[in-house]
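Nothing in this text is a laboratory measurement; each read-out follows from the coordinates by a stated rule. Because the structure is predicted, anything quoted here is derived from the model rather than measured. Please note: Cβ atoms are built from the backbone with ideal geometry, for glycine as well, and neighbour counts cover all protein chains shown.
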Amino acid sequence: MNVDDLDYEQIVAVHHEPLYRFAFSLAGNPDDAAELTQETYVRLLTKGGQLRDRSKVKTWLFTTLYRVFLGWRRHATRFPHFEISAVEPELPHFTPEMADEVDGVLAMDTALQIEEHFRAPLVLFYLQGLAYKEIAEVLDIPIGTVMSRLSRGKELLRKRLCVRLQKSAAEPEALDQDEANQNL
C-alpha cells in the first residue's frame, strides 16, 4: 500500500488521538508525545509502502511509535543528558588562555603519548578524514570498536592536553624538563 496524500490525511484523522494518547503514556510529557507522534507519521510517509494490508495500518502505527520510543530510550540511556552545572566539578579545568596555547605540534606530541590502539583511529578520523566504516576496514575491527576507541581516545587526548597546559601555565620550566627527559 502506497500512502498518498488522501490516504495520509485519512489515516491521521482516524488515528491521531489514540496514537497521541499512547505516545503521551510512554513519554510522560506533551512535547515528547507530539514528537513521537510526528516521527511516526514521517515514517508512515517514508516507509508506508512496506505495509501491504491497509487494515493493519493502526497496528503498524502503534508498533512504529513504540519502536521509535524504545530507540529514544536506548539513546538516552547510552548518552544521558546532564546540565553543565551538575557535572562542572568533574570537568577538567580548561581556560580560554590554555586553548590559545594549543598548537598542532603540542596536540600531535600529546597524541603520540596515547596508546596505539586509541591513537590509530584518532589519526585516521581527524587527520586522514576516514569514515567509521573505512577505519574499521583499515584496522580490521568492528565499527562499534572504532567508535568506542575514538571516544576513549578523544577523552585521553583532552585530559592529557589539559594536564600539559596546566603544567606549562604553572611551571614553564617543568614542562621543558619533561620534554627534555622524553628526548633522552
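On a straight-distance basis, which lysines could pair with LYS133 in a cross-link, Cα separation under 29 angstrom, same-chain partners fewer than 8 positions away excluded?
List returned: LYS47, LYS154, LYS159.
Given labels modelled 7 Å from the Cα in the Cβ direction, how far is it in nm from LYS56 to TRP72?
Distance between label points: 2.6 nm.
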